[in-house]
Amino acid sequence: MEEIRSVAVIGAGVMGASIAAHAANAGASVLLLDIVKPGETNRNAVAQGAIERLKKMDPAPLMGKNAVRRIKAGNIEDDLGALKDVDWIVEAVVERLDVKQELYKKLDAVRKPGSVVSSNTSTIPLKELCSGLPGSFTRDFCITHFFNPPRYMRLLEIVGGEGEQFAPLHKFADEKLGKTVIQCNDTPGFIANRIGTYWIQSALVLALELGLEVEEADAIMGKPMGFPSTGVFGLMDLVGIDLGPHVNASLARLLPQSDLFHAMNRDTAMIGTMIAQGYTGNKGKGGFYRSVRGADGKRAKTALNIQAAAKGDLEWRPSVRAEIALVKDARNDVKKLLADSSKFGKYAWGVLGRVLAYAASLVPEIADGIADIDAAMRLGYTWKFGPFELIDQLGAEWVCAHLAQLGLTVPPILQQIGAGKFYRTNAAGALEQFALGGGYKPIRRAPGILLLDDIKRAQKPLLSNKVASTWDLGDGVLCFEIHAEIRHAMLNMLDGDVLSILEKTLSLVGKSYKALVLYNDDLREMPHKTNFSTGANIGMAYMMANIRLWGKIEGFIKDGQKLYTAMRNAPFPVVGAPAGRALGGGCEMLLHCSAVQAYAESYIGLVEVGVGLVPGWGGCATMLSRWQEDPKMPKGPMPAVAKVFEIISTATVSRSAAEAIELKFMRPSDGITMNRDRLLGDAKARALAMVAGYAPPQAQALHLPGPSGRVAMALAVEGFHKRGIATDHDVTVSGALADVLSGGKVEYAEELSETDVMTLERQSFMALIRTKESQARIKSIIDSGKPLRN
Amino acid sequence: MTNAVIAGYARSAFTPAGKGALARVRPDEMAADVVRALVARTKINAGDIEDILAGCAFPEGEQGLNVARLIGLLAELPLSVAGATINRFCGSSMMAVHIAAGAIAMGAGEVFVCAGVESMSRIPMGGFNLLPSPKLYAAKPEAYIGMGETAENVAGRWQISREMQEAFALESQRKTAAAQQDGRLDEEIVPMGEAVRDGCLRPETTAEALAGLKPAFSKTGTVTAGTSSPLTDGASAVLVCSEDYARRHDLPMLARIKSVAVAGCAPEIMGIGPVAASRKALARAGIEAGALDVVELNEAFASQALACIRELGLDAAKVNLDGGAIALGHPLGATGARITGKAAALLRRTGGRYALATQCIGGGQGIATVLEAI
């Protein structure tokens, strides 16, 4: 077997079905098998039901509408024979050794020679799974431990699976499933759950011991530490409270008595009571937090009184936002919080100190290097920083000094590091990690992985200001990066400063380079929460509108149109490489690229109507071109126009790069990169491949319906308005959009250029921004981030 | 004047647009299957057919060109059989019956297949290229009014409360489900692949469920999805021939076409269209509404159906005996032939003397046909 093309998943529970969905996202043909339900005439009912649920789950496990067609349902009584054609079989059945082993024997009898089999177990060691099974099977068997939800969580822990026969699996996991594969030792809980469970247990136990309310605990053990903003109690609600006891019990069974875990494996009575009464978290009747409908009919958040719950009484009270001054200051000085003698400080350090010490004590037991542990916690538990990165931030000496307060011994690796850092940049600008036993070793990136962070360590930008920079990726390719932070969020909004660097970059590439990539990253954020660009800086536009600088605003629109047009007509390829959101002007930037290489989790859309505006930088013009060129569209003046009207007037945002292609924010010829770490490398390769014989795309002539089409769009909006779906100002905004998309006063027989449509875009944009309703919409987004429906 | 009779009626199952068993079937092929079955069931000599008159409300795309001609070719009828597509929106295929009856009366042919078809899955309402006249829109915007809004207007003007509409819809569901259950619809349906029975009806409908629905067309309105006919795919056909031809060939005549009429009304209350059209047709037939034994009144919306029943003084017990479009579905161009064929079949089944088939038409019209037992 050279590559994995077909995958079978046995067990159609939430994890199994979601893994099947993601394998389908990766382009594999997938067979999803489960038991035959007794008394059911449809023998595939269980697996089929799971596939139906996949279509409705939120967050969506499937990317685009084609993926689900690649999944076939079956059952383990009739369809095991089909496994003879499958390259990789994933077992995701109940966590019982006897059930799994009995299944393995059946699988081994039918599977294709050279195929690989893996278990998605989170609690059973590899050696137990393999015991008593023939070598011919165990040779091809390993553990592949996915994190929930598998589409979004980038970590894949592999235990075993190091032989050559597993090379296709590693390649598939990396390039097609987009996972960062971490090789784990065969120890209980592997890496992420070993540390993560200890973290959750410590947070739970110490909150009870120190008398904290859940809101207080979550305010401390979330954002200030770079942990998920839900905090630990919110996180348990999210992942399901019933999962904890299974993992805890297996760790308790498997870990030696000397392990620090045992001391924290307490107070599960409360959890047991909650589960018994159906309070399993968000999927059940609620958990530590519950949304309850009040007497006024409105939903309100309540929180569990955990002190009472520990005594067996489940009672919820209205949830109150924790106001802790130390937490507010923690953004600037987290040590002040950690060293504070209040119960909040004791809690913060009590949990964090234990977790850091525990993680440090597990090297080399659970993994060979600290970078693997950090990556596992970042990618499997969505920590912004792994434990060793956190120690580097606090200072290892400071950590060691404060561990004494907790009565903990200092693990060897912490003793060895002394005043040093676990990570350092060497003289050549490459990143290195500290190794147990002393000394540093380089962190090697797999071939094809190119990180902007690595580039930045080794060079200075060619062009730079506070919001954008341009880097040399080598081989004649430059990278234009936006890094515009607003209120601690990398929103990457576009303003004159961003555009000026882009303009200079275009000129620089034209003079001395071959190609340009538009790319940025925010590696500390979950990739699907990052922003390629959230569009033009509306705050600035709002200020200018307030002092009626209409000429300035129109000038800004004109400049953007000119720059994007110049980028599209540039004599060299420009490849847009988005990850996360590319909205409004950010989307229009991509629409003007020669090609796009997008991270699979790209959310692209023209959302201007949300702030009472229309796309002004060629979004309307390019989308009309793309939909008119589609030979599958019905003929005539309206279908393409109506489609673009629908997409823009409802501010449709793609929920994946695959869907962005369906919506034509990307072309079918554009590329999708599943592994976030490979995006820049893939984009650079695409740019280089386009260099030879490159000619900029020819602008398309547009045939637009004119005033009749304008009426057709108005009729549609009128209907939505009467139904209460469109607001009063929606009617105005949609009308201005219809003015653009219909081509204005044009006769259908006349040809329009995209430039003509851009003029219409500008006119409609200016007409709208002068209205107080659009200004109110902009203000609402600036003030609260929430759209105003006026 | 030569009498025209209805000597055969067949239709496809009516299934929900987008998700039903006919959503993936081309409308021209769907209609051809029905026509082929009608010809086979009536055992007429296909060479005797003068013309296929096919009604369609949005004759474009797969139901475009001159779809009637294409249906004839697809059904492998002799090349001598002509074809014309008729558009009077929802009244299209009833209009086809009227044209056939007129042609027969003036001796312009003896046998006509009057078909109707609409795939609302595959051809959107309004068609692919809706291009209204800006001039007309400025002067009379109601010319382009949405159908749901007209149903609200009728409900408002005739004071048809939401409760009345829901009681009517519930009864429509009940009657249709009973008809399906008793196999009273089987005979008329031409099975096509998985489309062997009607798929729109919701026998589980309850008054409580209907009362819980949100208004579908106006936030302050009374018309809901439950009291409107659903978007539907389907095709239907009736055989219209001269009474003399039927007798010569020993065809089982269902009914004689006694009189026909069309009438316009204000577009914004198009649902009341059947009133004027029916009054004309009844007058032309020389009968009063009280003489009717069977009425097929298309249920575009419960509000307009109720308003028409009241205005025409119809006996509700005689209206839509086997259910109506709220439950059965309303594939626009196919409905006219269905209700005309159904009225004829019911007349025969019930042994009554007179039947009325009538329906409202977008843009503000009504169409009506009075049938008489033979």
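Only the coordinates and a few stated rules stand behind these numbers; no lab work does. Because the structure is predicted, anything quoted here is derived from the model rather than measured. Don't worry about glycine lacking a Cβ; one is built from the backbone with ideal geometry, like all the others, and counts go over all protein chains shown.
Starting from segment A:67-124, pick out the GluC sites (Glu not before Pro) whose DSSP state is loop and whose Cβ has at most 11 other Cβ atoms within 10 Å.
The qualifying sites are A:77.
In what sequence do B:192, B:106 fall when counting other Cβ within 10 Å, fewest first?
Numbers: B:192 19, B:106 9.
Fewest to most other Cβ atoms nearby, the residues stand as B:106, B:192.
In terms of the Cα gyration tensor, with a ≥ b ≥ c the square roots of its eigenvalues, is segment A:6-184 rounded because a/c is under 1.5, prolate because a/b exceeds b/c, or oblate?
Numbers: a/c = 1.58, a/b = 1.13, b/c = 1.39.
It comes out oblate by the Cα gyration axes.
Rank these for me by crowding, A:358, A:198, going from fewest to most other beta carbons within 10 Å.
Result, fewest neighbours first: A:358, A:198.
Residue A:458 versus residue A:428, label points 7 Å from Cα toward the beta carbon: distance in nm?
Going from the residue A:458 label point to the residue A:428 one covers 0.8 nm.
Is segment A:707-784 rounded, prolate or oblate when judged by the Cα gyration tensor, a ≥ b ≥ c being the square roots of its eigenvalues, rounded requiring a/c under 1.5 and prolate requiring a/b larger than b/c? Can you show the working numbers first?
Details: a/c = 3.36, a/b = 1.39, b/c = 2.42.
Here segment A:707-784 falls in the oblate category.
How would B:39, A:644 line up from fewest to most surrounding beta-carbon atoms within 10 angstrom?
On the way: B:39 23, A:644 27.
Fewest-to-most ranking of B:39, A:644: B:39, A:644.
Run the helix sum for the protein assembly as shown: -39,500 (n - 2.57) per DSSP H stretch of 4+ residues, divided by residue count, reported at 222 nm to the nearest 500 deg cm²/dmol.
Per the formula, -12000 deg cm²/dmol.
Using 0.36 nm per residue of separation minus the Cα-Cα distance, give me the extension gain between residue A:784 and residue A:52 in nm, one decimal.
In short, 259.9 nm is gained.
For segment B:141-212, calculate the relative contact order in percent as a whole number, restricting contacts to Cα pairs under 8 Å that are 6 or more residues apart.
Working: 26 pairs, mean separation 24.5, N = 72.
Here the relative contact order equals 34 percent.
What's the extension gain from residue B:19 to residue B:108 if we count 0.36 nm per residue and subtract their Cα-Cα distance?
27.8 nm
Only Cα pairs under 8 Å and at least 6 apart count here; give the relative contact order of segment A:707-784 as a rounded whole percent.
29
Over chain A, what is the mean sequence separation of C-alpha contacts under 8 Å (at least six apart), divided by residue count, expressed as relative contact order in percent?
After rounding, I find 8 percent.
Compute the distance in nm between two label points, each set 7 Å from the Cα along the Cα-to-Cβ direction, one at residue A:329 and one at residue A:727.
About 4.1 nm separates the two model spin labels.
Name the most mobile residue of B:291, B:344, B:17, meaning the one with the largest mean-square fluctuation, in a Gaussian network model of chain B with Cα contacts below 10 Å.
Ranking B:291, B:344, B:17 by mean-square fluctuation puts B:291 first.
So between residue B:225 and residue B:196, what do we pick up on full extension, going 0.36 nm a residue minus the alpha carbon distance?
8.0 nm
Given a Förster distance of 45 Å, report the FRET efficiency between residue A:78 and residue A:445 from their Cβ-Cβ distance, rounded to the nearest 0.05.
Between residue A:78 and residue A:445 the formula returns 0.50.
Assuming a viscosity of 0.890 mPa s and a temperature of 25 °C, what translational diffusion coefficient in µm² per second does Stokes-Einstein assign to the protein assembly as shown, Rh being the Kirkwood radius over Cα pairs?
After rounding, the answer is 72 µm²/s.
Name the residue from B:12, B:101, B:366 whose Cα lies farthest towards the positive end of the charge dipole of chain B, charges +1 on Cβ of Lys and Arg and -1 on Cβ of Asp and Glu.
Projecting each Cα onto the dipole axis, the largest value belongs to B:366.
Given a Förster radius of 30 Å and the C-beta distance between residue A:776 and residue A:299 as r, what FRET efficiency does 1/(1 + (r/R0)^6) yield to the nearest 0.05?
Once the sixth-power term is evaluated, E becomes 0.70.
Using a Förster distance of 35 angstrom, determine the FRET efficiency expected from the C-beta separation of residue A:759 and residue A:529, and round it to 0.05.
So the FRET efficiency works out to roughly 0.45.
Of A:511/A:684; A:558/A:632; A:179/A:384; A:298/A:786, which sit over 22 Å apart, Cα to Cα?
Working: A:511/A:684 19 Å; A:558/A:632 34 Å; A:179/A:384 17 Å; A:298/A:786 19 Å.
Going by Cα-Cα distance, A:558/A:632 fall outside the 22 Å limit.
What is the dipole size for chain A, taken about its Cα centre, with +1 at each Lys and Arg Cβ and -1 at each Asp and Glu Cβ, in debye to the nearest 20? Could you put the intermediate results ahead of the total?
On the way: 90 positive and 85 negative charges, 213 e Å.
Around 1020 debye, computed over chain A.
Amide H to amide H, which residues 5 or more places from residue A:463 or on other chains are under 5 Å from it, using H placed in the peptide plane?
Amide H neighbours of residue A:463: A:470.
Select from A:31, A:101, A:76 the residue farthest towards the positive end of the dipole of segment A:18-101; place +1 on Cβ of Lys and Arg, -1 on Cβ of Asp and Glu, and compute about the Cα centre.
Looking along the dipole axis, the top candidate is A:31.
Between segment A:574-594 and segment A:1-51, what is the separation of their alpha carbon centroids in Å?
35
State the Cα centre-to-centre distance between segment B:332-347 and segment B:248-322 in whole Å.
If you average the Cα positions of each part, the centres end up 11 Å apart.
Give me the angle, in degrees from 0 to 90, between the Cα long axis of helix B:147-157 and the longest principal axis of the Cα atoms of chain B, rounded to the nearest 10.
It works out to around 60 degrees.
Find which of A:714, A:782, A:736 sits farthest along the positive direction of the dipole of segment A:707-784, computed with +1 on the beta-carbon of Lys and Arg, -1 on that of Asp and Glu, about the Cα centre.
A:782
Provide, for chain B, the number of lysine pairs with alpha carbons under 27 Å apart, each pair being eight or more places apart or on different chains.
17
Once you put a point 7 Å from the Cα of residue A:475 and another 7 Å from the Cα of residue B:288, both along the Cβ direction, what distance in nm separates them?
9.2
At each listed q (0.11, 0.23 Å⁻¹), what is the log10 of I(q)/I(0) that the Debye formula gives for segment B:19-139 modelled as equal alpha-carbon point scatterers?
-0.39, -1.30
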